[in-house]
Amino acid sequence: MKRREFVGGVVAAAGLSGCSKPEAGCNTDTSASTETFQWSCVTSWPPRFPGLGMAVENLASRLERASAGRLKIKVYGGGELYPAFEVFDVVSRGVVEMGHDASYYHKGKVDAAQFFTAIPFGLNYMELNAWIHYGGGLELWRELYAQFNLVPFLCGNTGVQMGGWFNKEINSIADLKGLKMRIPGLGGEVLRRAGGTPITLPGAEIFTSLQTGAIDATEWVGPYNDVAFGLHKAATYYYYPGWQEPGPGLECIINREAWDSLPVDLQELVEITCQSITTDMAAEYTNGNANSLRQIQADPNIEIRPFPDDVLRHLKTIAREVVEELASKDPQVAKISKPYYEYLEKMEANTRISEQAYLDTRKL
Ligand code: CA
């Protein structure tokens, strides 16, 4: 659908019809421009952080090479130019042209943005891609962000995460009571309603908090990033699956005026490159997770366990209640949650007899 719209934009540029796609910026010059653009990109990640931070470095270097130097982007880690959680604001205000972060960081300001990263028990990596690029998700996302002068792109995905590292066993719903766990966002709210105490900690403080017993558990990402953080040295149980983040997508956000200033070929290049980063990051994480899991499996001090089914069922019920409550208070959440859950239901039926059915054969 997006491709068709872009073709429409090019036709318009050839003078056959009027501009119909606001995202295309209605730029009417199709000749290969020699104009160069020098942008800054702020991020929520530590500078050159493995996986998340390197993905945006790759985005910048690919764009510069593919555009023969016409689009140069300097990437800044969180805190280098602006604090890690101000990416949305500074790009929205046009202080910088581009940002890379996760849309669920905008919780509290734009609660509806959370659908585009991850919803507990929601769409996985492949399903989120399908919803964004073919299922109407991108149109909802762009409409939501238009009021903030931002054009969003899906740009990265870690794949399904792990449930996390625990120093307490979770054998029943009762074991969640009083559990002090680092778990942000909607997942944290779900845990709170299940009787636990969600704690928000910056990445750098997680290891020490777990090791000293200040927290009983933490989720982070998955084997690849967790081992890099040393979390396997601070906990006994590694629980799965990551119900709280079943396939979180990351976002590249571009200030509207900056986007409109690009000629159509560079706009197309940005779209293609963001999609390539999503595929690339998922591949990197899948490969890294498998390697790091092997290391964790070989460690006699760690037990890898599934959450009990009744615990997951309970958390799933609460997760839906949390989103429905948000929707009842926020029309923007309501507008996106309805099609999101309809899409999820349709996808669950499809995934059950395709990917899930195939993966089940591996147990045979
Ligand atoms: Ca996580």
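Considering only segment 321-333, how many residues are part of a helix (DSSP H, G or I) and surrounded by fewer than 16 Cβ atoms within 10 Å (Cβ to Cβ)? Spell out the reasoning first.
Of all residues in segment 321-333, those part of a helix (DSSP H, G or I) come to 321-329, 331-333.
So of that shortlist, the ones also surrounded by fewer than 16 Cβ atoms within 10 Å (Cβ to Cβ) come out as 321, 324-325, 328-329, 331.
Total meeting the criteria: 6.
Which ranges mark the helices (runs of 4 or more DSSP H) fully within segment 129-239 that have 2 or more residues being away from the ligand (no atom under 16 Å from the Cβ)?
Output list reads 137-146, 185-193, 203-212.
For residue 138, all conditions in the list (1) touching a residue at least 40 places away in the same chain (Cβ under 8 Å); (2) closer than 25 Å to residue 202 by Cβ; (3) in contact with a helix residue (DSSP H, G or I) (Cβ under 7 Å, 6 or more places away or on another chain) hold save one; what is the number of the exception?
Result: residue 138 fails condition (2) only.
Scan segment 228-263 residue by residue and report those that are among the β-branched types (Val, Ile, Thr) and surrounded by 19 or more Cβ atoms within 10 Å (Cβ to Cβ).
Passing the criteria: 253, 254.
Would you point out which residue out of 353, 336 is of a type in the set (Val, Ile, Thr) and surrounded by 11 or more Cβ atoms within 10 Å (Cβ to Cβ)?
Only one candidate qualifies: 336.
May I ask you to say which residue of 269, 262, 250, 293 is within 16 Å of the ligand (Cβ to nearest atom) and either in contact with a strand residue (DSSP E or B) (Cβ under 8 Å, 6 or more places away or on another chain) or within 19 Å of residue 125 (Cβ to Cβ) (or both)?
250
So the check is Cβ under 8 Å with 6+ separation or different chains; which pairs have a first residue in segment 82-103 that's over 14 Å from residue 150 (Cβ atoms) and in contact (Cβ under 8 Å) with a residue 12 or more places away in the chain and a second one that's β-branched (Val, Ile, Thr) and in a helix (DSSP H, G or I)?
Note: pairs meeting the criteria are 82/90.
For segment 224-238, give me each residue that is over 21 Å from the mean Cα position of the chain (by Cα) and among the β-branched types (Val, Ile, Thr).
Of everything in segment 224-238, just one residue is over 21 Å from the mean Cα position of the chain (by Cα) and among the β-branched types (Val, Ile, Thr), namely 236.
With charged (D, E, K, R), over 28 Å from residue 295 (Cα atoms) and touching a residue at least 12 places away in the same chain (Cβ under 8 Å) as the only criterion, which of 182, 256 stands out?
Working: 182 fails: over 28 Å from residue 295 (Cα atoms).
So the residue among 182, 256 that is charged (D, E, K, R), over 28 Å from residue 295 (Cα atoms) and touching a residue at least 12 places away in the same chain (Cβ under 8 Å) is 256.
Could you grab me the full set of residues in segment 277-312 that are assigned to a loop (DSSP other than H, G, I, E, B) and free of Cβ contacts under 8 Å to residues at least 60 places away in the same chain?
Correct list: 298, 300.
Each reported figure results from applying straightforward, stated rules to the coordinates on display, with no laboratory input. Computed from a prediction, not measured in an experiment: that's the story for all the values here. Cβ coordinates were reconstructed from backbone atoms using ideal geometry, including for glycine residues, and neighbour counts include every protein chain displayed.
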